[in-house]
Every structure is written in structure tokens, then in C-alpha cells.
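S.K.: I am attaching a structure below and will ask some questions about it afterwards.
Quick note: the coordinates plus some simple rules give every number you see, no bench work behind them. Fair warning: this is a prediction, and the values are worked out from it, not measured in the lab. Methodologically, a virtual Cβ is constructed for each residue, glycine included, from the backbone with ideal geometry; neighbour enumeration extends over all protein chains shown.
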Amino acid sequence: MSPSQILAFQLSLPVRWADMDVNAHVNNTRFFTYFESARLAWLESVRTHDQRDGQGLVVAQAACNFRRPIPYPETVRVNLYAGRPGRSSFTTYYDLFSAGNESIQYADGKAVMVWVDRASGKSLPIPDYVRNALTSNGVCA
């Protein structure tokens, strides 16, 4: 998490048996899937009727610090924090905890998100409904 960010969204997810790998813990790629699930749920929660066909967010950069393996069974909680928007991009930050014991942190990470025209791949200004969600209600400090 970026120290200047305020919690924007939380999502709890059950760990599925299919998330496991041969080492009997959650595969490292699933951590990014958990981050993505929280990000998509947050975007759906702020979406308005101002839909723009052919436009959307892409991940320009992603990182994860793996703090400890996630066992099965488990339910995880993703805390999402959103950074101040630029013209076409913003950063999301994540903390991944045990939903039943928040003293157990499994990971933290971030993703740089860019609003693009899907056909051309060129960046576009972030739409108002996303910008408003990022700058209102204390999401960005």
C-alpha cells in the first residue's frame, strides 16, 4: 500500500482447490488474479451509465511481494487502494490478508492502470466516473 492512500475497496474470496499448485499452496499467479478480482469489483461498484464502447483499462505494470504461502482451505481479503489519477493512468495498490485473521498478510502489490482505446491501443483521458471515484470520498489523500 502507498502510505498516502485510503482504502477504496475490500473483497473477500474463497481459495479454490484449483488455485493450488504441486507445493500444496496457492500458485503465485493466483495472487494477481485476486488483485484483479478486487480491481474489477471496485470498477463495477463505481461504474455509471457513462459507458464507453471500445475503451477500458489495461495493466501497464504489475508487481507482487509474496509474504507467505496461502494454504487451503482459506478465505482471503484484498484491500484495494487507489492512487491519484494522471491524464490517462493511475496506480492501484493491494494488501492480501487472511479474511479470518488480519494479522496474517500473504502479499502486497500494485498495478499501473492505463485507460486506452482498445482498437488502437492508444491512451485516452480517464473518464469522469473513474476520475471522480479516484478523487472523491477521500480515496486519494
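S.K.: Given the options ILE126, ILE70, ILE104, state which has the largest fluctuation in a GNM of the chain using a 10 Å cut-off (strictly under) for Cα springs.
M.R.: Maximum among the listed residues: ILE104.
S.K.: Moving to a separate point now. Among (1) 352; (2) 118; (3) 130, which one is volume of the Cα convex hull per residue in Å³ computed from these coordinates?
M.R.: From the options (1) 352; (2) 118; (3) 130, the structure gives (2).
S.K.: 7 Å from Cα along Cα→Cβ at both VAL112 and ARG84: what's the point-to-point distance in nm?
M.R.: 1.7 nm
S.K.: Give the long-range amide H neighbours of VAL15: residues separated by 5 or more places, or on another chain, with amide H under 5 Å away, using H modelled in the peptide plane at 1.01 Å from N.
M.R.: Under 5 Å from the amide H of VAL15 lie the amide H atoms of GLU74, THR75, VAL76, each far enough along the sequence or on another chain.
S.K.: At 7 Å along Cα-to-Cβ for each site, give me the label-to-label distance between ALA60 and THR75 in nm.
M.R.: About 3.7 nm, to one decimal.
S.K.: What nm distance separates the two modelled labels at SER12 and ILE104, each placed 7 Å from Cα along Cα→Cβ?
M.R.: Label-label distance for SER12 and ILE104, simple model: 1.4 nm.
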